[in-house]
Structures are given as C-alpha cells and as structure tokens.
Amino acid sequence: MQRETYAEFSDTTYNTFNGLMGMSRELNTHIDPPEYVFIGPSNSGKTSLIESYLGHTFTRGKPTKRPVQINMLCNPSCADPKLILRRDAFLSSKGQEYDHDFEITLDMVGNEIQKRNVSTGVPIFLQYEFKNTFNLILIDTPPIPDSTLGITSVASPDNTEEEAKKVELSKEDKEAAAKRSKKKIKNMFKI
C-alpha cells in the first residue's frame, strides 16, 4: 500500500529540486545524493525506517544476509513508483535471471531480495524512481550479531535466566564493541 510520504511538499518543491539538478548538469557539476547506511542488530528497525522513507512496505520475512542499496531518484515523469532491480554481478553466473536489469513491482521486491539473499558483502542494487521523492541512497545492512555488540541475547537456548538479561556495558566494553562493529562493517563493504 502506497503512502504519500512526501505529500506535505508541494509540486513546487520537487520542480525546484529538479531545476537545481538540471542546472548542475548544465554546469557540468555533479551533486552527489546523500547516502544513509542503516546498521544494527536484527529486529532493530533498520528496514522499517527505510520503508518509512520510501512510503511503502516491503515484507521480506528473513533478515538479509547481504546489503541492499536503494537508489532513490526524483523522476517527474513517474506518477507511480518505478522499481528497477539491477544486474546482480555476484549471482550472474547462476543464471540469466540475474545477468540483466529488469523492472519489478512493489509487490515483487521482498521475493526478489530473498532470491538473492546469500552471504556476501556485494550489495543488491534497487533503483526507485518516483515524482514525489528526493535523490537519496539508502543502504540496509545485514544484522550485526548481538555478540559483536557485547550483548547476551535472550533468544539463545543456552542462556540461563540470569545470562538472558541485557548486560549493562562499561565504557571500555562499549568502545571495544564499537571497534568490533567498525571492523565488521569495513570487512563487509571492503572499506
């Protein structure tokens, strides 16, 4: 179901935005869109926040095992969202289905992401064009394990009731967890 996330902005706002983008092209100047990376443990709301930006729900079920990069483009000619799933370089050897770009509907997004849900740092690229959006890049990352953050998970069957309580981390533990998370993110994106 589509929500008009950016309905509070008038058409003048989007026309002005497109005018600025056009002017930058005429001046041979590139304006990079803002890029937001969503990082956190499973069920922390990363995907929900991205869905709120898009104004659409993509029910996927399982957590992603690889990053999903959504390139949002303001396209005044798209009265309805247009989604293009980009060629998947990581899976292109597995079949023709993955070796080219193709347009999908909003209802197909969750299933298409699950088909590509294999452990790798290579992102799934999805282009989202719509007249009522701004140029943004949103990256949904795989969940960071609670153990990386230094937190005992309630869900683990091996935990005693005492261990299952959330651990209050010391300043040193928080710094160590932050270093582990940064290292994991660098490895994930080959930074």
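Brief remarks follow.
- Residues that are of a type outside the set (Val, Ile, Thr) and under 11 Å from the mean Cα position of the chain (by Cα) within the range 38-57 comprise PHE38, LYS46, SER48, LEU49, GLU51, TYR53, LEU54, listed in sequence order.
- Against the list (1) part of a loop (DSSP other than H, G, I, E, B); (2) at pLDDT 75 or above; (3) under 17 Å from PRO76 (Cα atoms), the condition GLU8 fails is (2).
- Residue in the range 27-46 that is assigned to a helix (DSSP H, G or I), out of contact with any helix residue (DSSP H, G or I) (no Cβ under 9 Å at 6 or more places or on another chain) and modelled with pLDDT of 80 or more present: yes
- Test: residue in the range 51-59 that is part of a helix (DSSP H, G or I), under 21 Å from ILE137 (Cβ atoms) and aliphatic (A, V, I, L, M): yes
- Single residue of LYS94, LYS131, LYS62 found to be touching a Cys at 6+ places or on another chain (Cβ under 8 Å) and at pLDDT below 85: LYS131
- The set of residues in the range 122-137 being within 13 Å of the chain's Cα centre (by Cα) and not hydrophobic (A, V, I, L, M, F, W, C) consists of PRO123, GLN127, TYR128.
- Inside the range 103-123, residues that are closer than 27 Å to PHE17 by Cα and hydrophobic (A, V, I, L, M, F, W, C) make up a count of 2.
- Restricting the first member to the range 38-49 and to residues that are in contact (Cβ under 8 Å) with a residue 12 or more places away in the chain, and the second to residues that are surrounded by 14 or more Cβ atoms within 10 Å (Cβ to Cβ) and small (Gly, Ala, Ser), the beta-carbon pairs closer than 9 Å and six or more apart or on different chains are ILE39/SER181; PRO41/SER153; LYS46/GLY40.
- If the condition is being small (Gly, Ala, Ser) and under 18 Å from the mean Cα position of the chain (by Cα), then the range 58-88 contributes only GLY61.
The values are calculated or read from the model by the stated rules, or taken from the named source; none is laboratory data. Note that the structure is a prediction, hence the values are computed from the model and not measured. Here Cβ is always computed from backbone atoms with ideal geometry, including for glycine, and neighbour counts include all displayed protein chains.
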